[in-house]
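Participant: Quick one: the structure is below, and I'll ask about it shortly.
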Amino acid sequence: MSLLVDIKKDFGRFRLDAHFEAESGAVTGLLGASGCGKSVTLKCVAGIEKPDSGRIVLDGRVLFDSEKRIDLTPQQRRVGYLFQNYALFPNMTLAQNIAVGVRDRSKRREMVERLVKSFYLEGCEHKYPRQLSGGQQQRTALARILASEPEVLMLDEPFSALDSYLKWQVELELADLLDKFPGPVLFVTHDRDEVHRLCSRVCVLDSGRAQGVQGVMELFNSPRTLSACLLSGCKNVSRARRVSEHRLEAADWQTELETALPMPEELAYVGIRAHFVKPVDGPGPNRLKCRVERVVTEAFSTVVMMSTQGGSEGYARLRMELPQERWEALGGPRELWAELSPGDLLPLTRD
Amino acid sequence: MDWYPLWNSLRIAAVSTVVIFFLGIFAAYYVAKLPRLIKGVLDVILTLPLVLPPTVVGYFLLRLLGPKRTVGLWFLEMFDLRLTMVWYSAIFASAVVAFPLMYRTARGAFEAFDKNLAYAGQTLGRSNTWIFWRVRMPCCKQGIIAGTVLAFARALGEYGATSMIAGYTPGKTATISTTVYQLWRTGDDAGAMRWVLVNLGISAVVLLAVNMLEKKDKRPRRRVEAVSEGVD
């Protein structure tokens, strides 16, 4: 079973061009900055928004096909949609909310009881949504969705409405549920860590364009495009020009660098994660002389913002993250040499 | 004291409120979905009776419903029914004048309604009719009740258009507001005062009701025991 999405929609402000496939039994992340078309994509799959053209096929069943003029109603699609604010009906109790999802009236009572139990909601059956905690609200919404026996599950930023201290527990519970769900799961988020923990495959969306599905480890170890690299949390990026297969010229850092990964012909940028930038004692290959501009102490690490030679003063172009003790041991220098080892450099193309 | 004007005013206001309730909600629901341009034009037309002088509304109604005009003539010939200068003529006047109050409050409530609730109902397999009556209406309940009460109050106090289309016939078309004017005009100051007090009393009760609805704690008091109760 799988969900195939290939749709286009013009919003004037931007064009949505999403093409991807989500496999059953796997969680496929849709990763993108806010306003890049993630939620709209889910709405198109659910039948709430209508794409201008394209196809949506769920396990051989056509949900939408602009050429054959097929456009099933949301009711016919059997798509489970967890909204960002959970969209629980405020005028109904928890049990009533779940009961709304049950299509077969004769099974309603039994099914609600079973779901209330399996989502640890016993004792709250007669409470109204606003009397529930954020985690309980989310579990209720999920129970309601499962009650409708959907063939695909779509989660729209499921943790954005939760306090950060609740998030961890709720996320663990959700991970269990997602493991058990037999159909495809689409997980929309802008948070790379959530993708890393919950998804096995990921599709990066940048201003409406889907960049193809890839493995999650691949996204973190070797992102191919600038937007994928930034979304995977990389803080250091420079414009770059290919010199040879393993050499490039980094324009913003004013230096030539060697890379372990072979460079694509259409190389446009190079990136390196902040914690891979290492302070070293002197010059050498792949080393840069930097001026310390700002030091920010975080809970367990120190972030050093540095400007490189040729860069204007005060404008930090390289960010280094290292353990606090390590930075203290250096004795707070004004200038230092930083190493960008070939194995840590990420060659990137324009999107 | 002859209580006919009170009874007549109440039945006129009640009938027009029932009509306005459904028309107002219907208009609010569908206008909110229209494209912006048409929405703007329709909005102006539907709100116009709120700002027009009631005599202008009365003029239009007479042009439409008068015994020698299109609709009025047709009703006279087909059903032998007069649409002007009878007690129910005032229903047309008060319904038109009070309609915008219902329409605008209901529209405000519908626009504040979280669309995701409707979408959630759809993806869960519920029909749009079910969603309208079981989710949208209960969630917009306060706005809709407030609109209904305001419309009722306005209908009860209608004077200008009513006096043009229904006139003043004691025991036939007299309403509270037309009676006040008639008694004052004929020098019965005490009689006018009595009806003024009745009117003040009713208006105060209505406004009190609106205020109480706005302040009312949103927490429902009734505990719902059965799981499936209220779901179908």
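The values are calculated or read from the model by the stated rules, or taken from the named source; none is laboratory data. Treat the numbers as computed from the prediction; the structure is a model and nothing was measured. Cβ atoms come from the backbone with ideal geometry, glycine included; neighbour counts cover every protein chain shown. These accessible areas exclude ligands, DNA and RNA; they are computed on the full protein's heavy atoms, side chains included. Shrake-Rupley method; radii C 1.70, N 1.55, O 1.52, S 1.80 Å.
Participant: Select from region A:65-118 the residues that are in contact (Cβ under 8 Å) with a residue 40 or more places away in the chain, under 19 Å from A:Gln131 (Cβ atoms) and of a type in the set (S, T, N, Q) and list them in ascending order.
Facilitator: Residues satisfying the conditions are A:Asn85, A:Asn97.
Participant: Now a separate question. Residues that are surrounded by 13 or more Cβ atoms within 10 Å (Cβ to Cβ) and among the small types (Gly, Ala, Ser): find the helices (runs of 4 or more DSSP H) completely inside region B:34-129 holding 3 or more of those. Spell out how you get there, then give the answer.
Facilitator: Working: elements: B:36-51, B:54-65, B:70-79, B:89-112, B:115-123.
Output list reads B:89-112, B:115-123.
Participant: Hey, A:Ile56 hits all of (1) β-branched (Val, Ile, Thr); (2) surrounded by fewer than 24 Cβ atoms within 10 Å (Cβ to Cβ); (3) over 30 Å from A:Gly233 (Cα atoms) but one; which does it fall short on?
Facilitator: Going through the list (1) β-branched (Val, Ile, Thr); (2) surrounded by fewer than 24 Cβ atoms within 10 Å (Cβ to Cβ); (3) over 30 Å from A:Gly233 (Cα atoms), A:Ile56 breaks only (2).
Participant: Out of B:Trp184, B:Trp130, report the one residue that is out of contact with any strand residue (DSSP E or B) (no Cβ under 8 Å at 6 or more places or on another chain) and more than 26 Å from B:Gly24 (Cβ to Cβ).
Facilitator: Working: B:Trp130 fails: more than 26 Å from B:Gly24 (Cβ to Cβ).
Only one candidate qualifies: B:Trp184.
Participant: Another one. For B:Ala161, state whether it is away from chain A (no Cβ under 14 Å), open to solvent by less than 30 Å² (accessible area, probe 1.4 Å), among the aliphatic types (A, V, I, L, M) and in contact (Cβ under 8 Å) with a residue 60 or more places away in the chain. Steps first, answer last, please.
Facilitator: Details: away from chain A (no Cβ under 14 Å): yes; open to solvent by less than 30 Å² (accessible area, probe 1.4 Å): yes; among the aliphatic types (A, V, I, L, M): yes; in contact (Cβ under 8 Å) with a residue 60 or more places away in the chain: yes.
Answer is yes for this residue.
Participant: For region A:6-37: of the residues being aromatic (Phe, Trp, Tyr) and part of a loop (DSSP other than H, G, I, E, B), which is surrounded by the most Cβ atoms within 10 Å (Cβ to Cβ)? Spell out how you get there, then give the answer.
Facilitator: Initial filter on region A:6-37 (aromatic (Phe, Trp, Tyr)): A:11, A:14, A:20.
With part of a loop (DSSP other than H, G, I, E, B) added as a condition, the list becomes A:11, A:14.
Working: A:Phe11: 12, A:Phe14: 15.
Step by step, filter region A:6-37, then rank; the result is A:Phe14.
Residue-wise test of (1) touching a Pro at 6+ places or on another chain (Cβ under 6 Å); (2) farther than 30 Å from A:Pro51 by Cβ; (3) basic (Lys, Arg); (4) modelled with pLDDT of 90 or more.
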residue: A:Asp71; (1), (2), (3), (4): no, no, no, yes
residue: A:Arg77; (1), (2), (3), (4): no, no, yes, yes
residue: A:Leu88; (1), (2), (3), (4): yes, no, no, yes
residue: A:Leu115; (1), (2), (3), (4): no, yes, no, yes
residue: A:Glu122; (1), (2), (3), (4): no, yes, no, yes
residue: A:Thr140; (1), (2), (3), (4): no, yes, no, yes
residue: A:Pro158; (1), (2), (3), (4): no, no, no, yes
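Participant: Does region B:99-131 hold any residues that are more than 20 Å from A:Val79 (Cα to Cα), modelled with pLDDT of 95 or more and within 14 Å of chain A (Cβ to nearest Cβ), and which are they?
Facilitator: Matches in region B:99-131: none.
Participant: For region A:309-351, how many residues meet the condition of being of a type in the set (Ser, Thr, Tyr) and at pLDDT 85 or above?
Facilitator: Keep residues of region A:309-351 that are of a type in the set (Ser, Thr, Tyr), which gives A:312, A:315, A:341, A:349.
Checking the rest, the ones that are also at pLDDT 85 or above come to A:341, A:349.
Summing the residues that are of a type in the set (Ser, Thr, Tyr) and at pLDDT 85 or above in region A:309-351 gives 2.
Participant: Follow-up. Would you call B:Ala151 on the phi < 0 side of the Ramachandran plot, away from chain A (no Cβ under 11 Å) and either open to solvent by less than 60 Å² (accessible area, probe 1.4 Å) or of a type in the set (S, T, N, Q) (or both)?
Facilitator: So B:Ala151 passes the test.
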